[in-house]
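Some notes on the structure that comes next.
The values are calculated or read from the model by the stated rules, or taken from the named source; none is laboratory data. Predicted, not measured: the structure shown is a model, and the values here were computed from it. FYI the Cβ positions are ideal-geometry reconstructions off the backbone, even for glycines, and counts take in every protein chain you see. Just the protein is used for accessible areas: all its heavy atoms, side chains included, with ligands, DNA and RNA removed. Shrake-Rupley method; radii C 1.70, N 1.55, O 1.52, S 1.80 Å.
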Amino acid sequence: MRHVALTVNGTRHELDLEPRELLVYVLRDRLRLTGTSVGCDTSSCGACTILLDGESVKSCTLLGVQADGAEITTIEGLATDGELHPVQQAFHENHALQCGFCTPGMVMAAVSLIDHGEATDEAAIRLGLEGNLCRCTGYHNIVLAVQQAAGVMEKAS
Amino acid sequence: MSATEEKTAYVGSPVKRREDRTLLTGRGTYVDNMAPVGTLSMFVVRSPYAHARVKAISLDAARGAEGVVAAFSAADLQGDWKAAMPCAWPVTEDMKNPPHYPLTDVARYQGDGVAVVLADTRAHAKDAAELVEVDWEPLDAVVDVATALEDGAPLAHPDLGTNECYVWRLDTDATGQAIDDAEVVVTRRYYQPRLIPNAMEPRAALAVPDPAGDVTLYSATQIPHILRLLVAATLGMSETKLRVVAPDVGGGFGSKLDVYAEELLAVALARRLDRPVKWTEERSENYVATIHGRDFVTEYTLAATKDGTITHCRAKVTAAMGAYLQLVTPGIPLLGAWIYAGPYAIPNYSVEFTGVFTNTTPTDAYRGAGRPEATYVIERTMDALAEELGIDRVELRRKNFIKEFPATMASGLTIDSGDYVASLDKLLEHLDLDALRAEQAKRRENGSERQLGIGFSTYNEMCGLAPSRILGAIRYAAGGWEQATIRYLPTGSVQVITGTSPHGQGHETSWAQIVADQLGCDIDAVEVLHGDTSVSHAGLDSYGSRSLAVGGVALCHAADKVIDKARQIVAHQLEVSADDLDYANGTFTVKGSPDKETTVAAAAWAAFAAHDLPDGMEPGLEATATYDPPNFSWPGGAHAAVVEVDTETGDARLVRYVAIDDVGTVVNPLIVDGQVHGGITQGISTALYEEGTYDETGSLVTANLVTYLVPSAAELPSFELDRTESRSPTNPLGVKGVGETGTIAAAPAVINAVLDAVSHLGVKDIQMPATPERVWRAIQEAKA
């Protein structure tokens, strides 16, 4: 067992982890933050996407012990004081989710894309979301939502 | 608000979904998110072989592993099953249905379960599963649907003596003229590959026992009601002791429309061990353990006169069942049986389906279930016929469209309404075909590396499953009705209980729209409940684009009954006759006395207090309606794909996709568009990206998301959607259903476009998916 400290959504957690535990399972099983999901076992689908030290990462492809000392934001940490993040709000307004399973990962990836100034046009958004699979929406409305959110966030900054 | 004030109807409005907030904030209740105290993790040991006998199995090492509570083999659990796993559709009297149990000692497909381990954590269960020792005797496997009926092919089930499961025919011969005597006859053979549904949420089941011996099964299912009935029957339990809950479910597309081994195992083991038992699929496990779609070989013939009037259509389908018949497996081809003429008026009609066993994962419903398979061969062959006749592809379609409705097709069913000409005209308005053709011609003349192709798909489909009498006639075991309860709570809030079971389709929002309009109340006063058999007592769940066309209409009828009872109460209280009351938007007014009015909500309170109700009337204001549709519903439309093919690499990219769909009345345009986007994407993906393949030993080669290509946003364009609307006269809402239309139409539009891009190079056919390698090879072979 290894002793690690993670800050997740602003709260510090000290945990004893087996080295083989994937970060996504640490979040889901140990911290009971089940908003981040496991959709595959080949790092393909992106349902597990979170923000770690400001970067979007697939939490299924990181060991929990690798996140020692990290600042993590999961989907549960995105809305502030009950108010939806502009990306969440844009997804809602544009019907960019149906079953919702891919949504937390998609939202986190979109937040990161916009924060890094990479949501510049449709082609860039589509390429930027390449690592997040959705089987319900066909991505059409997701692209619209990201465009809208990028506009809102740019104005706000 | 008085009845005369204008109120914007909810139906037809792009109401944003109430489901969203929970899902957007990561509060979804997917089954794997639940973990009651004491839950055991279940892991299934599966056959790596397509066909093999378990000569010996030892669980000793597994049982002794860390955290393991129990482990069972097939023999250990055989007494737990009262019946084999159910198939609800014996399509013919002599259909072969070899029994399939949740665990077996003769594996008939890679993924068939042979043992199960239960431990305190998922990791411990999986570790222990690796310690299960199986002495396998591999057997010969049959894998390819196209050769499974040939002499000498290995038998998937040797004791059946054959791989043939059934033969089903529908033949009408209106004109007496033999198909081969027609002036022009075009026959083509198509293979539609096996598809792996890949709903983003892997399947999961959690069975929670209570001290009284009752069990609650939480399952990532599309069919909680059907599951309750069939799990109880298979385990020999009373239905009253089993509650099934479908919480938030992450997509289904038909792959969660089944009674699965793991659900049965979870319930049986929860009862045995008196502890909650949870099973969650890994994605690569999903690839072998969850049903597949398609895998059809079809020979399709169109015959016509020289001037392009189609006289005959004939389909001969060999459909892979996989190793076993799951819930609807043998019926999938039949779901398309009546629409192999598509939207065309073809007087002679013949279809023949042969179901074939192979040692592969069982097939079953996957978005469109039998109808994409039909539309693909029709629309591909229409292009081939057009070329043979020297007639424009678009004009050939237009010429042969059914033009008057209702229309009784040669296949025997009646389409209630439609307007295929209007859809096609609207498509052409959007497309600007002349400009595309000019661009195509320019590139051909220049010998450009990137060639342009335009492909069409005009379709109809039959959904809204289904009139129960017809289901009975075709030997389906259940009916096709749907139930809705509308209940006023004392202070005017409304509870809607539906038998549908959404898994992304937004029923909570749409049903609230329908009911709020009928009852004239605020949409936020309407609560919609579903998916829990303790709350929704009866229903036939969600699949086959039935929820709105059947479930939504049941809501209307229940609302009518509520309004009717309220009318009686109001008439009594205002001392007028019921006929003297007008009703609009939740308010009753006395004819001729517009100041005398009261609301349905007020009647609800009166019904609760029961101080002054008409003689003999029961208190309370609620009603249940069970609606059995008199007909299927018949969406249709016209799609076009514009594809760019890189002739050097074979890479085909979608440049534009235009879809005109007629789904009757649109309740929520946001949701309808979303369904079309998603459906089209799966059809495009069928055409360009997806293909489930086995090697000759029956080992799944495309075994995970790395080797099986589910497209990302980067592989797709944005879509251009529009609609025509021919209301269905069959139901008061005028709705038709939309969930599967995109998938039904899209694949042939894309393949037709790819072929159109390279037809000038001599390419005449291409196998789906049109991978770069296939396109490149087709170009090379045409050159030679």
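Of note:
- Candidates B:LYS82, B:LYS96, filtered to the one that is under 30 Å from B:LEU471 (Cβ atoms) and in contact with an Asp or Glu (Cβ under 9 Å, 6 or more places away or on another chain): B:LYS96
- The residues of the range A:124-157 that are facing another protein chain (nearest Cβ under 9 Å) and over 28 Å from B:ASN704 (Cβ atoms) amount to a single one, A:LEU144.
- Hey, B:THR741 farther than 29 Å from B:ARG546 by Cβ, of a type in the set (Ser, Thr, Tyr) and within 14 Å of chain A (Cβ to nearest Cβ) or not: no
- Residue that is farthest from B:ALA70 (Cα to Cα), among those in the range B:228-262 that are among the charged types (D, E, K, R) and open to solvent by 10 Å² or more (accessible area, probe 1.4 Å): B:ASP248
- Exactly one residue among B:THR693, B:THR707 is closer than 30 Å to B:ARG46 by Cα, of a type in the set (S, T, N, Q) and in contact (Cβ under 8 Å) with a residue 12 or more places away in the chain, and that residue is B:THR693.
- Considering each residue of the range B:169-184 in turn, none proves to be surrounded by 13 or more Cβ atoms within 10 Å (Cβ to Cβ), within 30 Å of A:GLY138 (Cβ to Cβ) and modelled with pLDDT of 95 or more.
- The one condition from (1) within 13 Å of chain A (Cβ to nearest Cβ); (2) under 20 Å from the mean Cα position of the chain (by Cα); (3) surrounded by fewer than 24 Cβ atoms within 10 Å (Cβ to Cβ) that B:HIS292 does not meet is (1).
- Scanning the range A:52-73 for residues that are under 18 Å from A:VAL107 (Cβ atoms), surrounded by fewer than 21 Cβ atoms within 10 Å (Cβ to Cβ) and either among the basic types (Lys, Arg) or out of contact with any Ser or Thr (no Cβ under 9 Å at 6 or more places or on another chain) (or both) yields a single hit, A:THR73.
- A:VAL107 vs. criteria closer than 27 Å to B:HIS507 by Cα, touching a His at 6+ places or on another chain (Cβ under 9 Å), in a helix (DSSP H, G or I) and within 12 Å of another protein chain (Cβ to nearest Cβ): yes
- One residue stands out in the range B:213-249 among those that are farther than 14 Å from B:PRO86 by Cβ and among the basic types (Lys, Arg): the one that is nearest to the other protein chains (Cβ to nearest Cβ), namely B:ARG243.
- Test for B:LEU621: is it within 13 Å of chain A (Cβ to nearest Cβ), modelled with pLDDT of 95 or more and under 30 Å from B:GLY480 (Cα atoms): no
- A search for C-beta distances below 7 Å between a residue of the range A:29-48 that is more than 7 Å from chain B (Cβ to nearest Cβ) and any residue that is surrounded by fewer than 21 Cβ atoms within 10 Å (Cβ to Cβ) and hydroxyl-bearing (Ser, Thr, Tyr), counting only pairs 6+ apart in sequence or on different chains, returns A:SER43/A:THR61.
- Flag if B:SER547 is within 19 Å of B:PHE632 (Cα to Cα) and within 14 Å of another protein chain (Cβ to nearest Cβ): yes
- For B:ASP524, the conditions (1) closer than 30 Å to B:TYR30 by Cβ; (2) touching a residue at least 24 places away in the same chain (Cβ under 8 Å) are fulfilled apart from (2).
- Only listed residue being assigned to a loop (DSSP other than H, G, I, E, B) and either over 30 Å from B:MET409 (Cβ atoms) or touching a helix residue (DSSP H, G or I) at 6+ places or on another chain (Cβ under 8 Å) (or both), chosen from B:ALA212, B:ALA233, B:ALA205: B:ALA212
- Residue match in the range B:167-181 (condition: outside any strand (DSSP E or B) and over 30 Å from B:THR311 (Cα atoms)): no
- Index of the failed condition, A:GLY131 passing every other in (1) open to solvent by 10 Å² or more (accessible area, probe 1.4 Å); (2) free of Cβ contacts under 8 Å to residues at least 60 places away in the same chain; (3) closer than 24 Å to B:GLY250 by Cβ: (2)
- Apart from one condition, A:PHE91 fits all of (1) crowded, with 24+ Cβ neighbours inside 10 Å; (2) in a helix (DSSP H, G or I); (3) in contact (Cβ under 8 Å) with a residue 60 or more places away in the chain; (4) hydrophobic (A, V, I, L, M, F, W, C); the exception is (3).
- Among (1) in contact (Cβ under 8 Å) with a residue 40 or more places away in the chain; (2) under 27 Å from B:GLN505 (Cα atoms); (3) in contact with a Pro (Cβ under 8 Å, 6 or more places away or on another chain) - the single one A:LEU63 does not satisfy: (2)
- Applying the set (1) exposed (fewer than 15 other Cβ atoms within 10 Å of the Cβ); (2) within 30 Å of B:VAL701 (Cβ to Cβ); (3) touching a residue at least 24 places away in the same chain (Cβ under 8 Å); (4) more than 30 Å from the chain's Cα centre (by Cα) to B:VAL134 leaves exactly one unmet item: (1).
- Taken over the range B:98-119, the criterion of being surrounded by fewer than 18 Cβ atoms within 10 Å (Cβ to Cβ) and out of contact with any helix residue (DSSP H, G or I) (no Cβ under 8 Å at 6 or more places or on another chain) is satisfied by B:PRO99, B:VAL106.
- Residue in the range B:596-617 that is away from chain A (no Cβ under 14 Å) and among the basic types (Lys, Arg) present: yes
- When residues of the range A:7-28 are limited to those that are among the hydrophobic types (A, V, I, L, M, F, W, C) and within 11 Å of another protein chain (Cβ to nearest Cβ), the one least open to solvent (accessible area, probe 1.4 Å): A:LEU27
- Taking the conditions (1) of a type outside the set (Gly, Ala, Ser); (2) buried (at least 21 other Cβ atoms within 10 Å of the Cβ); (3) in contact with a Pro (Cβ under 8 Å, 6 or more places away or on another chain) in turn, B:CYS313 satisfies each one other than (3).
- Within the range B:364-452, helices (runs of 4 or more DSSP H) holding 3 or more residues that are farther than 30 Å from B:ASN631 by Cβ, charged (D, E, K, R) and open to solvent by 50 Å² or more (accessible area, probe 1.4 Å): B:433-446
- Filtered residues of the range B:250-268 (kept if in contact with a helix residue (DSSP H, G or I) (Cβ under 8 Å, 6 or more places away or on another chain), more than 23 Å from B:ARG294 (Cα to Cα) and not charged (D, E, K, R)): B:LEU264, B:LEU265, B:VAL267, B:ALA268
- Residue in the range B:501-509 that is open to solvent by 20 Å² or more (accessible area, probe 1.4 Å), within 14 Å of another protein chain (Cβ to nearest Cβ), assigned to a helix (DSSP H, G or I) and out of contact with any Gly (no Cβ under 8 Å at 6 or more places or on another chain) present: yes
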